[in-house]
Every structure is written in structure tokens, then in C-alpha cells.
Amino acid sequence: AKDAGGNRYALADPDSDARAIDRHSLTNHLPGALERDEFFLEYQPLIRMSDGQVDGAEALVRWKHPVHGRLGPDRFIPLAEHTGLIVPLGRWVLEQAVSHACTWAGGQPLRVNVNLSPRQLHHPDLVPDTIAVLESAGVAPSSLCLEVTESALISADEDELKPLWQLAELGVDIALDDFGTGYSNLANLRRLPATTLKLDRSFTQGLQRHPADPVDLTFVEGIVSLAHALGLAVTVEGVETESQADQLRQLGCDTAQGWYYARPAPPGEFARDWARAG
Ligand code: C2E
Ligand code: CA
Ligand code: CA
Ligand code: CA
């Protein structure tokens, strides 16, 4: 059945079938999905551009839907955010990611990046929950990076930013995700406790053209120098080719993530490929 009235989710990615999934099927199954243990995480390595070594991993959640099979987060995170399930789901993701990270300690512990939704940011339990998860796993706050989108913070006032500042003071890294998309207010950077900018995939894509899009080149160059001047690191997303990687390294980006290095993979596979002891 094809999209008839706009009340269906159109599917166009390899995470799900070419069939349309109606919203009711997602809405009905989502509330119990956590108890039924239907979520799982995959990890994608973050690669240090100076030496090509792995620097950490981003945790990405997936849903093994009882009817529709594997679904990517774009299918259900907005719904979880809307219904509030994102709060317990987000805590589950944090617990899982931190406990997986413990098993990766080879030569030195790998950092793990966890995405935070706006609703989690505004939840009063964020700081105590995060501290509790780190303490019970015995993981240093500096081994955790929380990723928040700039758009989630744009309208936040000082009080709303306090939890993030508290976490940053404990040593948790804060990354601004999807940086450069939508409404970017550079002056805003100074009031955020960010340690890293994650440059959105769209800029990486612009570099793939021949010649590279001059606007994207200039933008990346400008962002990197501004970020470094402010003491922030720059991570680039969506690196798919060697040419993109070379250009981004030359432009001074610190860390890269993308299919060129690795696709997101289940914890066992990730550990085997990227977290060998030694
Ligand atoms: P994001 O945080 O921007 O994550 C990066 C997305 O880019 C991931 O999509 C990843 O699989 C994809 N990606 C990585 N390398 C490449 C590449 O080289 N090319 C291309 N085309 N894509 C690449 P994914 O896993 O589908 O996640 C989509 C979004 O869902 C994430 O975007 C994030 O906003 C959200 N998300 C994922 N996990 C969580 C979670 O645990 N909590 C919350 N709140 N949101 C999550
Ligand atoms: Ca992210
Ligand atoms: Ca992103
Ligand atoms: Ca994104």
C-alpha cells in the first residue's frame, strides 16, 4: 500500500523494507519495546585524523520491530521524543554504551559518544542519572561524550543550560551535533559548554564534487579556525571517500567518522575490529 494521506511513514532507507509502515503500528509497539528488549546499539568508530587511530565510538540505537524488522532511529526517535519514551530509552542507551565501553579497554579506554534528545536535556534526572551510570560502571566522566544538536540549544536560557555545564564541569565532553545546519549562531558557541563541533555530513558531501564546492571549502576552513581559536575540536561526519578524508585532514579537522572508515556495527564486531587489546 502506498502513501495515501500523509499519515504513513515513507520508507527509503536500507534499515527497513520498501513497504510503508503506518504510524499506528509504530505507536502501538513503541511503548512496550523497551521492556521487550527490542532495542539494540551499533557503534561507529571516530578516527583521529593525525594518525588514523581510533579515538572513540558513537552509539547509534536501532529497533528490532516485531513486525517490520530492523528500523533506524529516524523512524522512531521523533515518536519516542513526542511520547516521552525517549527519557527511559535514553537512559538505557547511556547504560548500555557505558557498559560496552568498559569492555573495549585495550591499551587505553575508548571514549563513547551518546546522543541526547532535547527532552532528555530538559529532564531533571539527567545529571544524577548520568553520574549514577558512570559511577556504577566505574567509568571516568572524560570517557563519555554527550552529543546535542545546536538546534536543541538555540532557544535555551541560562537555567536550561545549567545541567550541561554541570556535566561539563565533571569532565564529560559535550559535542554540538549536526553543526552548520539550520540556524547557526556562532556567537551562541560562547555560552555553550561544548568541547567539540561535529560538522554536518552536508559539508563533507560538498567536498566530493570535482572541483570541491568552494563555499563548502571556505565554510569548513572558517569553522575549523574559529573552533580551534575557541579551544574546540572538530569532528567531521559522513566521510565516505579517501579524497574527502584527505581534504578534511588538510583543512585541519581533528576527528572523522564515516563509511570510508567503518559502518556502524554491533558491539561484538566493533570490539573485534577496533578495540583489540594492546
Ligand atoms: P547523527 O547523530 O547525526 O548520527 C550520524 C548518522 O549518520 C547515523 O545515522 C550514521 O549511521 C550515519 N552515517 C555515518 N557515517 C555515514 C556516512 O559515511 N554516510 C552517510 N550517508 N551516513 C553516515 P543513523 O544511525 O541512522 O542515526 C540517525 C540519527 O538518529 C542520528 O544522527 C541521531 O540524531 C539519531 N540517534 C541515533 N541514536 C540515537 C540515540 O541513542 N538517542 C537519540 N536521542 N538519537 C539517536
Ligand atoms: Ca550524533
Ligand atoms: Ca550528526
Ligand atoms: Ca543527523
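Reported count of residues in the stretch 154-185, each being more than 22 Å from Ala57 (Cβ to Cβ) and within 14 Å of ligand 3 (Cβ to nearest atom), is 4. For a quick check of your reading of the model, give me the residue pairs whose first member lies in the stretch 126-150 and is away from ligand 4 (no atom under 16 Å from the Cβ), whose second is of a type in the set (Gly, Ala, Ser), with beta-carbon atoms closer than 6 Å and at least 6 apart or on different chains. Taking only residues 6 or more apart or on different chains, the pairs are Ala137/Ser99; Pro141/Gly171; Ser142/Gly171.
Quick grid of which residues meet (1) under 30 Å from Ala97 (Cβ atoms); (2) in contact (Cβ under 8 Å) with a residue 40 or more places away in the chain:
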residue: Thr196; (1), (2): yes, yes
residue: Phe203; (1), (2): yes, no
residue: Gln208; (1), (2): no, no
residue: Glu240; (1), (2): yes, no
residue: Gln250; (1), (2): no, no
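Of the helices (runs of 4 or more DSSP H) lying entirely inside the stretch 185-262, those containing at least 1 residues that are within 16 Å of ligand 2 (Cβ to nearest atom) span 201-206.
Checking the conditions here, which among Asp254, Asp216 is touching a residue at least 12 places away in the same chain (Cβ under 8 Å) and more than 16 Å from ligand 1 (Cβ to nearest atom)?
Asp254
Of all residues in the stretch 58-95, those that are surrounded by 15 or more Cβ atoms within 10 Å (Cβ to Cβ), small (Gly, Ala, Ser) and farther than 30 Å from Arg48 by Cα total 1.
Yes/no per residue for (1) farther than 30 Å from Leu41 by Cα; (2) charged (D, E, K, R):
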position: Arg209; (1), (2): yes, yes
position: Glu221; (1), (2): yes, yes
position: Leu230; (1), (2): yes, no
position: Val236; (1), (2): no, no
position: Val239; (1), (2): no, no
position: Leu251; (1), (2): yes, no
position: Gln257; (1), (2): no, no
position: Tyr260; (1), (2): no, no
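Yes/no matrix, rows are residues, columns are (1) in contact (Cβ under 8 Å) with a residue 40 or more places away in the chain; (2) part of a strand (DSSP E or B):
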site: Arg36; (1), (2): no, no
site: Asp51; (1), (2): no, no
site: Glu58; (1), (2): yes, yes
site: Phe76; (1), (2): yes, no
site: Trp92; (1), (2): yes, no
site: Ala101; (1), (2): yes, no
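Quick check, is Leu199 open to solvent by less than 80 Å² (accessible area, probe 1.4 Å) and out of contact with any Asp or Glu (no Cβ under 7 Å at 6 or more places or on another chain)? Criteria not met by Leu199.
Among the residues that make up the stretch 209-225, is at least one of them in contact with a Gly (Cβ under 9 Å, 6 or more places away or on another chain) and closer than 24 Å to Val112 by Cβ? Looking through the stretch 209-225, none of the residues is in contact with a Gly (Cβ under 9 Å, 6 or more places away or on another chain) and closer than 24 Å to Val112 by Cβ.
The values are calculated or read from the model by the stated rules, or taken from the named source; none is laboratory data. Just so you know, these numbers come straight off a predicted model, no measurement behind them. Note that we place each Cβ from the backbone using ideal geometry, even for glycine, and neighbour counts take in every protein chain shown. The area values use the complete protein model at the heavy-atom level, side chains included, leaving out ligands, DNA and RNA. Shrake-Rupley method; radii C 1.70, N 1.55, O 1.52, S 1.80 Å.
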